[in-house]
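The values are calculated or read from the model by the stated rules, or taken from the named source; none is laboratory data. This structure is a prediction, so every number in the text was calculated from the model and none was measured. For neighbour counting, all protein chains shown are included, and Cβ atoms are generated from backbone atoms with ideal geometry for every residue, glycine included. Keep in mind that these areas ignore ligands, DNA and RNA; they rest on the heavy atoms of the full protein, side chains included. Shrake-Rupley method; radii C 1.70, N 1.55, O 1.52, S 1.80 Å.
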Amino acid sequence: MATLDVNPHDYQQQLAEKKQRLTEMFAHYNAPELEVFESPEQHYRMRAEFRVWHEGEELYYIMFNQETREKYRVDQFPAASRLINDLMPLLIDAMKDNDVLRRKLFQVDFLSTLSGEILVSLLYHRQLDDAWIEQAKALKQRLNDEALISTSLAAHVR
């Protein structure tokens, strides 16, 4: 399995490449020079989504290399907000031994705010039932207690 190679020190180069690419895209239209607003080199994304990989008793997040489609494990994601990074391991730890919550879970989406709130969407390949609702409420309470954050859990069935 590949590994995540995110280096915050590449931020300036990536920003320059993005500015160049956009400038070239709009050169055709006599657009004014781009005004660029830099983000911090880490924790600038307020949303992130990860596939969930089940391997025996293990449960972890993965992403896919855009070029090779090879999957790689993601335990932390430096581009995502500190809140998302703090919650990622707590969520996996809370669900890994809970068959009701982990069964057929295939994706987790995080959406955080600057004010310390976060929406977590759990996406499943199954119909959810009363047992799931009960366990999800307990999970939400546990995360609120452990992380001292305001979380909202949403589940989507595909």
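Residue separation times 0.36 nm, minus the C-alpha to C-alpha distance between GLU67 and ARG47: what's the value? Mind showing how you got there, number by number?
On the way: separation 20, 0.36 × 20 = 7.20 nm, distance 2.20 nm.
Roughly 5.0 nm would be gained on extension.
By how many degrees, between 0 and 90 and to the nearest 10, does the Cα long axis of helix 130-147 differ from the longest principal axis of the chain?
60
Roughly what would the spin-label model give for ASP75 and LYS19, points 7 Å off Cα along C-beta, in nm?
Once both label points are built, they end up 3.6 nm from each other.
Sorted by accessible area (1.4 Å probe), largest first, how do SER121, SER115 line up?
Numbers: SER121 15, SER115 95 Å².
Correct descending sequence by accessible area is SER115, SER121.
How tilted is helix 11-26 with respect to the longest principal axis of the chain? Cα atoms for both, answer in degrees (0 to 90, nearest 10).
Here the helix axis deviates by roughly 60 degrees.
Which log10 I(q)/I(0) values, to two decimals, does the chain give at q = 0.11 Å⁻¹ under the Debye formula with one point per Cα?
-0.54
What percent antiparallel are the DSSP beta bridges of the chain, to the nearest 5? Before the final figure, lay out each step's value.
Numbers: 21 of 32 bridges.
Bridges in the chain that DSSP calls antiparallel: roughly 65 percent.
How high is the relative contact order of the chain, in percent, counting Cα pairs under 8 Å that sit 6 or more residues apart? Write out the running numbers ahead of the final one.
Numbers: 223 pairs, mean separation 31.7, N = 158.
Answer for the chain is 20 percent.
Out of the total accessible area of the chain (probe 1.4 Å, heavy atoms of protein only), what percent is carbon and sulfur?
Working: 5080 of 10400 Å².
Its accessible area is 49 percent carbon and sulfur atoms.
Excluding residues on the same chain fewer than 8 positions from LYS19, give the aspartates and glutamates whose Cα lies under 17 Å from its Cα.
Here the aspartates and glutamates satisfying the reach criterion relative to LYS19 are ASP10, GLU33, GLU35, GLU38, GLU41.
Can you sort HIS28, HIS43, HIS54 by 1.4 Å-probe accessible area, starting with the largest? Mind showing how you got there, number by number?
Details: HIS28 160, HIS43 50, HIS54 75 Å².
Of HIS28, HIS43, HIS54, the descending order of accessible area is HIS28, HIS54, HIS43.
Which angle from 0 to 90°, rounded to the nearest 10, does the C-alpha axis of helix 82-95 make with the longest principal axis of the chain?
30
With respect to the cross-link table entries LYS96/LYS137; LYS71/LYS140; LYS18/LYS71, which display a Cα-Cα separation exceeding 22 Å? All intermediate terms of the calculation are to be shown ahead of the outcome.
On the way: LYS96/LYS137 16 Å; LYS71/LYS140 29 Å; LYS18/LYS71 25 Å.
From LYS96/LYS137; LYS71/LYS140; LYS18/LYS71, over 22 Å: LYS71/LYS140; LYS18/LYS71.
Averaged per residue, what accessible area in Å² does segment 8-77 show with a 1.4 Å probe, protein chains only? Intermediate results must be reported in sequence, preceding the final value.
Values: 5720 Å² over 70 residues.
Here the residues of segment 8-77 average 82 Å² of exposed surface.
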